[in-house]
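Following: one structure in structure tokens, then a few remarks.
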Amino acid sequence: MYTVRVYIYYKSGVLDPQSGAIKATLSDLGFDQIHDVETGRFYSLKIDAPNISSAQAIANELCEKLLTNPVIEDYEFEIMEA
Amino acid sequence: MRCAVIQFAGSSGDGDCFHVCKNILNKAVEFVFYKESFAPEDFDLIILPGGASHGDYLRPGALAARSKVMKSVIEAAKAKKLVLGIGNGFQILLEVGLLPGAVLMNKGLKFFCDDVFVRVENPDTPFTALYKKGEIIRMPLACKYGNYYADGETIKGLKADNKIVFSYCDEKGNSTFESNPTGSIENIAGIVNSEGNVLGLMPHPERCAEELLGNTDGLRIFESVVRYIEGGKANGRS
């Protein structure tokens, strides 16, 4: 059993109005040192697989088939023995 | 002419679409549940209605796009049947790849619910033949994720092939930043696929299709379809 933690974020160049709003509010609060804000989504999954490379293959496939929309999103994941 | 209205978990525009087909157009219409399937020859027009299907979980339209009924919708689209996606239905068509691009959250980060003006950019589709090119019409818009996005190449292709069907504008027809509440690229409100038989749009024509509602600007989308199907042009025209 492996735990996979998937991070999904917008591709560069895709406008994310939320991050702009968050950055503006941070600036209102006095956080002038913040130059960039990115938003995204996070999923944690438990995968039954015989070894880590097969767990990675499953994780890649499910990211591409469902969790992300390749038109606007990129993903990465970390994987560890559960 | 036979119409289908697909019902996903959470669809809310299904009743309005059914009503327009049955009581305004006087056509045969059936609901099809998202766990069911159908054959391409079963229907001439398939409507994917609005309303946050499957709670908009994951991404708007993402879960609905992977439901059983969508395999039938794809088959029907390949068989040149007409497919109309309204609001969330448009998002489902994008997620399933029947139309190019994706949607992002509206530029104002809010659920937008009001009438908008759109310009008919392409009257040469089965859905818009009864409009004039450049005609300004008013339709209700109700969405949080209506901000259409596609990469530069895709947009270039949509423009070159005249696949942008509706675009947001002001009352006089000017495409301005203010007249586009979603922030969509090129003020896009609706696009059609390269074959011309799949239309997706964010505004709701089924909510402005009868006098009782004070606006009939959306009715001609449905009437155009009737003319296309029953006028003997259902095959071979793109």
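Distant-in-sequence amide contacts of B:Ile46, defined by a placed amide H-H separation under 5 Å and a gap of 5 or more residues or a different chain, comprise B:Ala4, B:Leu82, B:Val83, B:Leu84. Summed over qualifying helices (DSSP H, 4 residues or more, each -39500 (n - 2.57)) and divided by its residue number, chain B shows a 222 nm mean residue ellipticity of -6000 deg cm²/dmol.
For region B:1-146, what number results from the quotient of the Cα radius of gyration and 2.2 N^0.38 Å? Normalised by 2.2 N^0.38 Å, the Cα Rg of region B:1-146 equals 1.03. Kirkwood radius for chain A, taken over all pairs of different Cα atoms as the inverse mean of 1/r, rounds to 14.4 Å. Across region B:31-42, coupling constants 3J(HN,Hα) worked out from phi with the 6.51/-1.76/1.60 Karplus curve, θ = phi - 60°, read 7, 10, 6, 5, 8, 9, 9, 8, 9, x, 7, 5 Hz, and Gly and Pro carry x.
Taking the Cβ-Cβ separation of A:Ala57 and B:Glu171 as r and a Förster radius of 35 Å, what is the calculated FRET efficiency to the nearest 0.05? If you can, show how the numbers build up before the last one.
Numbers: r = 55 Å, r/R0 = 1.56.
Computed FRET efficiency for A:Ala57 and B:Glu171 comes out at 0.05.
Using the Karplus relation 6.51 cos²θ - 1.76 cosθ + 1.60 with θ = phi - 60°, the per-residue 3J(HN,Hα) values for region A:25-38 come to 5, 4, 5, 4, 7, x, 7, 6, 7, 7, 9, 8, 10, 10 Hz, with x marking Gly and Pro.
Over region B:2-231, what relative contact order in percent results from Cα pairs under 8 Å that are six or more residues apart? Don't jump to the answer; show the numbers that get you there.
Working: 551 pairs, mean separation 44.5, N = 230.
For region B:2-231, the relative contact order is 19 percent.
First obtain the Kirkwood hydrodynamic radius of the protein assembly as shown from its Cα pairs, then insert it into the Stokes-Einstein equation at 25 °C and 0.890 mPa s, and state the resulting D in µm² per second as a whole number.
Numbers: Rh = 20.6 Å.
This corresponds to a translational diffusion coefficient of 119 µm²/s.
Starting from one equal scatterer on each C-alpha and no solvent at all, send me the Debye-based log10 I(q)/I(0) for region B:1-63 at q = 0.20, 0.24 Å⁻¹, two decimals. Taking Cα atoms of region B:1-63 as identical point scatterers yields -0.75, -0.97. Each residue of region A:50-63 is assigned a 3J(HN,Hα), and the resulting list reads x, 8, 5, 6, 6, 5, 5, 5, 5, 4, 4, 5, 6, 5 Hz, derived from the Karplus form 6.51 cos²θ - 1.76 cosθ + 1.60 (θ = phi - 60°), x at Gly and Pro.
Would you please give the FRET efficiency between B:Glu211 and B:Ser12, computed as 1/(1 + (r/R0)^6) with r the Cβ-Cβ distance and R0 = 25 Å, to the nearest 0.05? Intermediate values should be presented prior to the final figure.
Details: r = 23 Å, r/R0 = 0.92.
E(calc), rounded to 0.05, equals 0.65.
Can you pick out the pairs among B:Lys68/B:Lys110; A:Lys65/B:Lys27; B:Lys132/B:Lys159; A:Lys65/B:Lys78; B:Lys27/B:Lys159 whose Cα atoms lie more than 27 Å from each other? Cα-Cα > 27 Å for B:Lys68/B:Lys110; A:Lys65/B:Lys27; B:Lys27/B:Lys159; rest within. Counting only the Cα atoms, region B:96-202 fills a convex hull of 95 Å³ per residue. Between A:Glu81 and A:Ile34, the simple label model (points 7 Å from Cα in the Cβ direction) yields a spacing of 4.0 nm.
Where a number appears in this text, it was derived from the coordinates with a stated rule and is not lab data. These numbers were taken from a predicted model, which means no experiment stands behind them. Note that each Cβ is placed from the backbone with ideal geometry, even for glycine, and that neighbours are counted across all protein chains shown.
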